[in-house]
Amino acid sequence: MTDNTSRQSEAVYIPEVDLEDFESYTIGGYHPIVIGDTFQKGRYKIAHKLGFGGYSTIWLTRDNTLDRYVSLKVLVASESSKNTEANILRQLQSVDTLHPGQRFIPHLLDTFFIKGPNGRHTCLVQEAAGCSVAASKEDSVNFMFPTETARSIAAQLIMGVAYLHSQGICHGDLHPGNVLFRDPHVGELSPDLLYKSYRLDQAPIRRVDGAAVEPHAPPYAVYPMHMKMAADKLIDPLITISDYGTSFNLATERSPELHTPPLYLPPEYFFQEPITLAADVWTLGVSLYEVLGERPLFETFNGDQDDIIADIISTLGQPPARWWNKWENRKEFFKPDGSWIHNLQRIYTPVFRPLHQRMWDMGRGMTPETCKWDVEGGEMQALEKLLRSMLAFEPSERPTAEQLMRSEYMVKWAIPAWERQLERTKNA
């Protein structure tokens, strides 16, 4: 794999928007896949694309043995030999426990390897899920889940992360794009109805020099299925915490490289300090704000690391001295006394907007009279207290996931919403 600068100067393929990076169709990269390809002696047949990332493509695949659709994740060859995702999933599903969070972990159905022109690729088979929390919000009118739905999702997320941590697993990449909604309809869909329900859109893959793209790339790329589950209309959803490609077991590994989107990264990562379970608590806190409200907690236009650090400080206050003093570009945002500089030369200038203000900016109402939270009962106050604790700068000062399970917000509002959902759906 090459860096972005050399890729731009030595581009092999003509890029397309909303599709995987075609430059990764090379030795060590993606395996070339087209609709109709089969694996494992015909058991698995490619039907559609579910998504892609920097290290894999994910496909809706017909399992001819189980007579249903499943998800097939095909890793890039360069990562396949060292990837531990399958082992982590096996560990998480092999434990005989009554922990309520285990149900929010995906089941690994099968694993195998394939060899192709770009190398040897690990393949993971799991149950097919629906769209992500992030995609659901994008498909909605107001970018928000109904209040009761949001509370239930929050409970499910906290329970799921608590189960991961009880097994010593740090997810390492928690964000709304990696939280999926279950959709049994997808797995049980008949082949005849698949393309009537979900369009199959394709785009040709072309080289800059006009030469043939095969064998390293497929002749065309497939746009991911648009599995519309609009947030504002979603009632009683079940989540799955997905993508364990960068997850690690604290007992055997320390401080891996994170691939989390920059706006969700914990501050210790920016300052090259060890990554622990507390990193998940930070990213969970950032994600909960987005699940429960309208907009992201931290916002920049370009994902610039300095802009993000400045926005975090505008929300939470000054960081520990060792980080404050280490931050090389601090002078672009702050005077020596810690007051803000309004730098008109920067594309993005963070606005001082502390967490308490951002709680009222969630989209649930700007005043106690209009707010859809149980303000009189203390829900807003309990939620702010929860998020503030999760977003402590010092990793050691953040609550554990097990402590989150016992938090006031969880006990009084999130868990009751989840239990009401269970009651509504138990006979469905």
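The values are calculated or read from the model by the stated rules, or taken from the named source; none is laboratory data. Bear in mind that the values here come from a model prediction, so they are computed numbers and not experimental data. Here the Cβ positions follow ideal geometry from the backbone for every residue, glycine too, while neighbour counts run over all protein chains shown. Heads up: the accessible areas ignore ligands, DNA and RNA and are worked out on the full protein's heavy atoms, side chains in. Shrake-Rupley method; radii C 1.70, N 1.55, O 1.52, S 1.80 Å.
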| query | So, in Å, what gap is there between the alpha-carbon centers of the stretch 30-94 and the stretch 222-277? | reply | 19
| message | Test of understanding: in a Gaussian network model of the chain with alpha carbons linked when under 10 Å, which of SER287, SER389, SER94 would top the mean-square fluctuation ranking? | response | SER94
| query | Roughly how many Å is it from the Cα centre of the stretch 111-131 to that of the stretch 144-221, as a whole number? | reply | 14
| field | 1.4 Å probe accessible area per residue over the chain, in Å² | value | 46
| field | LYS426 accessible area, 1.4 Å probe, all protein chains in place, Å² to nearest 10 | value | 130
| Percent of accessible area on the stretch 226-373 owned by carbon and sulfur, 1.4 Å probe? | 55
| request: Compare LYS412, LYS73 by solvent-accessible area with a 1.4 Å probe and give them largest first, with all protein chains kept in place. | output: LYS412, LYS73
| Rounded tilt (10° steps) of 277-292 against the dominant C-alpha axis of the chain | 90
| task | Round to the nearest 10 and give me the degree value, 0 to 90, for the angle of helix 415-425's Cα axis relative to the longest principal axis of the chain. | result | 40
| Eligible lysines near LYS412 by straight Cα distance, threshold 16 Å, same-chain separation 8 or greater | LYS372, LYS385
| task | Work through the residues other than ASN118 whose Cβ is under 14 Å from its Cβ and net out their charges, Lys, Arg +1 and Asp, Glu -1. | result | -3
| remark: Largest-first ranking of SER407, SER190 by accessible area, probe 1.4 Å, whole protein assembly kept, is SER190, SER407
| note | Heavy-atom accessible area of LYS45, protein chains in place, probe 1.4 angstrom, given in Å² to nearest 10, is 100
| Which label in (i) 22.8; (ii) 25.5; (iii) 19.5 gives the computed mean projected area of the Cα convex hull in nm² | (i)
| field | Under 12 Å from LYS45, Cα to Cα: aspartates and glutamates that are on another chain or at least 8 residues apart | value | ASP37, ASP63, ASP67
| note | From highest to lowest solvent-accessible area (probe 1.4 Å; ligands, DNA and RNA excluded), THR252, THR111 read THR252, THR111
| query | Looking at the stretch 372-413, which GluC sites (Glu not before Pro) are in a loop (DSSP not H, G, I, E or B) and have at most 14 other Cβ atoms within 10 Å? | reply | GLU376
| Any idea what angle helix 305-316 forms with the longest principal axis of the chain, computed on alpha-carbon atoms, 0 to 90 degrees, nearest 10? | 40
| Counting only the heavy atoms of the protein chains, how much of SER396 is accessible to a 1.4 Å probe, in Å² to the nearest 10? | 110
| note | For the stretch 57-140, the percent of accessible surface on carbon and sulfur atoms (probe 1.4 angstrom, ligands and nucleic acids excluded) is 47
